[in-house]
1. Hey, with R₀ at 22 Å, roughly what FRET efficiency would D72 and T50 work out to, going by the Cβ-Cβ distance, to 0.05?
2. Classify the range 1-117 from the C-alpha gyration tensor, please: rounded if a/c falls under 1.5, else prolate or oblate depending on whether a/b exceeds b/c.
3. Could you calculate the FRET efficiency of Q18 with L117 from 1/(1 + (r/R0)^6), where r is the beta carbon distance between them and R0 is 35 Å, rounded to 0.05?
4. Express the accessible area of the range 106-177 per residue in Å², computed with a 1.4 Å probe while the remaining protein chains stay in the model.
5. Probe radius 1.4 Å, ligands and nucleic acids ignored: give me the carbon and sulfur share of the accessible area of the chain as a rounded percent.
6. From the square roots a ≥ b ≥ c of the eigenvalues of the alpha-carbon gyration tensor of the range 96-185, which class results: rounded (a/c under 1.5), prolate (a/b over b/c), or oblate?
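The values are calculated or read from the model by the stated rules, or taken from the named source; none is laboratory data. None of the values given here were measured: they were computed from a predicted structure. Don't worry about glycine lacking a Cβ; one is built from the backbone with ideal geometry, like all the others, and counts go over all protein chains shown. Only protein heavy atoms, including side chains, enter the accessible area calculation; ligands, DNA and RNA are left aside. Shrake-Rupley method; radii C 1.70, N 1.55, O 1.52, S 1.80 Å.
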Amino acid sequence: MTASPTDGRLLKGELRRQELIEATLQVVAREGVAGVSHRAVAREANQPATAAAYYFKSIDDLLTAALTVCMDQDAERMRRLAESADGSPEGLTALAELLGHVMGGPGRLLAEYELYLLAARRPELRTSTGRWLEALAGYALRYTDDPVRVQTFTSVVDGLLLQGLLTDTPPTAAEFEAVLRHVLL
């Protein structure tokens, strides 16, 4: 069975859309949410100036798509970690290493937090941030069923990542692990 010509166009369109979302994250990381325009995103993605406006009718649509992709990717990564966590200290080591890695190249994390904070002003964006928080809570539930400790864990992870963006020396994997052990073990 051969694919119809439409399938190739749809695939190419989806690829362009994903490139525009990634370009949006790069623009946000470099210039903040205020730096996002259809033209700036298209230029970052090396696409025609009209491409971003074609795939995303408004800047809000573009920012929403970028936030949704980030939160879905982060939530999925956290769910995979939770599946392999067995309540032992080794599971915390894997999470601490991931967090340390994320802090090592903070550009995307900075973009994610810019978009994450946008959800504080726009309740319609909170669905995707909720998936991230649920995935964090799901990880904590591998270690405890105490709702206060679960809430503490989700707050600590978000807080450490945000604070890491605000310092010249972000936390290392070992520092993350020490805090995670304190909270969950």
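1. 0.25
2. Numbers: a/c = 2.95, a/b = 1.49, b/c = 1.98.
Judged from the Cα gyration tensor, the range 1-117 comes out oblate (a/c at least 1.5, b/c at or above a/b).
3. Numbers: r = 24 Å, r/R0 = 0.67.
It comes out at approximately 0.90.
4. Values: 3860 Å² over 72 residues.
I get 54 Å² per residue for this part.
5. Details: 5660 of 10140 Å².
Carbon and sulfur: 56 percent of the exposed surface of the chain.
6. Values: a/c = 2.21, a/b = 1.06, b/c = 2.08.
Taking the square roots of the gyration eigenvalues as a ≥ b ≥ c, the range 96-185 is oblate.
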